[in-house]
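Worksheet for the structure shown next.
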Amino acid sequence: GAVVSQHPSRVICKSGTSVKIECRSLDFQATTMFWYRQFPKQSLMLMATSNEGSKATYEQGVEKDKFLINHASLTLSTLTVTSAHPEDSSFYICSASGLGGTEAFFGQGTRLTVV
Amino acid sequence: LAKTTQPISMDSYEGQEVNITCSHNNIATNDYITWYQQFPSQGPRFIIQGYKTKVTNEVASLFIPADRKSSTLSLPRVSLSDTAVYYCLVGDRGTASKLTFGTGTRLQVTL
């Protein structure tokens, strides 16, 4: 099946710094990618929809200035956590589907720890 | 997006068949039912998708009654490696990726 790759898989950063997470669709083009966040023992929560060539759409309660999303090409979306704080520590997951696709493919996730 | 309800957890012994039922009373005409599997510290993995009646693949079967208000994921002869969280989702097939995840069912398989 289609492959979605995230990088890095794990990152530790100091409080106040910014961290960039990449999400790539390796063998298909994705005009839309989605970013989720998952806290321990909890379900995935949709954060935002990343649209190639246009602004991202954020879910209610998600700060767009804190979680910057850039979708510059049909195979790459990036999520930047700006001025990270310990409460931003979480598991971040992206997903994508191909044009007309009916199945979502997920990245392996990125474990962010802010110290 | 239709809300789903699943058991929080289930236990099974290796080799048994496991059936996980999901309720989705408000499913819309255009909605499909999709199940995902998630292992710890990994992204969800697609298992199976269906609209009505029965769908089977090499991994599982999905049973959907005529009223489509529920669905049952059937895992034949589970092994220890099937220990994971299983999510049932419903949504318009055209928005396959914008998914609203419920609590999921945590399946624990033991010897």
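Accessible area ranking (1.4 Å probe, heavy atoms, ligands and nucleic acids excluded), largest first, for A:63, A:103, B:58: B:58, A:63, A:103.
Translational diffusion of region A:48-99, estimated by Stokes-Einstein from the Kirkwood radius over alpha carbon pairs at 10 °C in a medium of 1.306 mPa s, is 132 µm² per second. Accessible surface for residue A:44 stands near 10 Å², nearest 10, in the context of the full protein assembly shown (1.4 Å probe).
The base-10 log of I(q)/I(0) for chain B, evaluated at q = 0.14, 0.19, 0.23 Å⁻¹, reads -0.50, -0.93, -1.34 [Debye formula, identical scatterers on Cα atoms, solvent excluded]. One Cα centroid belongs to region A:67-95, the other to region A:35-62; the line between them spans 9 Å. Per residue, the accessible area of the protein assembly as shown comes to 50 Å² when a 1.4 Å probe rolls over the protein heavy atoms.
Accessible area ranking (1.4 Å probe, heavy atoms, ligands and nucleic acids excluded), largest first, for B:53, A:113: B:53, A:113.
Per residue of peptide A:56-66, the mean number of Cβ atoms on other chains within 10 Å of the residue Cβ is 0.
Can you give me the P(r) profile for the protein assembly as shown? Cα pairs, bins 10 angstrom wide beginning at 0, each as a whole percent. Here the calculated profile for the protein assembly as shown is 8, 32, 34, 20, 5, 0.
Of the whole protein surface, residue B:45 contributes about 120 Å² of accessible area at a 1.4 Å probe radius. What is the calculated FRET efficiency for residue B:80 to residue B:53, with r their C-beta to C-beta distance and R₀ = 30 Å, to the nearest 0.05? Result of the calculation: an efficiency of 0.45.
Mean per-residue shielding of peptide A:46-53 is 1, counting Cβ atoms of other chains within 10 Å of each Cβ. Only protein heavy atoms count here; on that basis, with a 1.4 Å probe, residue A:23 has an accessible area of about 0 Å².
Remark: accessible surface ordering of B:54, A:66 (largest first) is B:54, A:66, probe radius 1.4 Å. A simple count of charges around residue A:96, restricted to other residues whose Cβ falls under 15 Å of its Cβ and scoring Lys, Arg +1 and Asp, Glu -1, yields -1. Count Lys and Arg as plus one, Asp and Glu as minus one, and take only other residues whose Cβ is under 13 Å from that of residue A:108; the net charge is then +3.
If you count, for every residue in B:36-46, the Cβ atoms of partner chains within 10 Å of its Cβ, what is the mean?
So the per-residue partner count for this stretch is 6.
Among residues other than residue B:81 with Cβ under 13 Å from its Cβ, the summed charge is 0 (Lys and Arg +1, Asp and Glu -1).
In chain A, the inverse of the mean reciprocal separation of distinct Cα atoms equals 14.0 Å; this is its Kirkwood hydrodynamic radius. Using equal-weight Cα scatterers in the Debye expression, the normalised intensity of region B:29-79 in log10 at q = 0.13, 0.30, 0.32 Å⁻¹ is -0.33, -1.19, -1.27.
For the protein assembly as shown, taking a cut-off of 4.7 Å between Cβ atoms, the unpaired cysteines are A:13.
The values are calculated or read from the model by the stated rules, or taken from the named source; none is laboratory data. The structure displayed is predicted, hence computed values, not measured ones. Using ideal geometry, Cβ is built from the backbone for each residue, glycine included, and neighbour counts are taken over all protein chains shown. Calculation scope for accessible area: heavy atoms of the full protein, side chains included, ligands and nucleic acids excluded. Shrake-Rupley method; radii C 1.70, N 1.55, O 1.52, S 1.80 Å.
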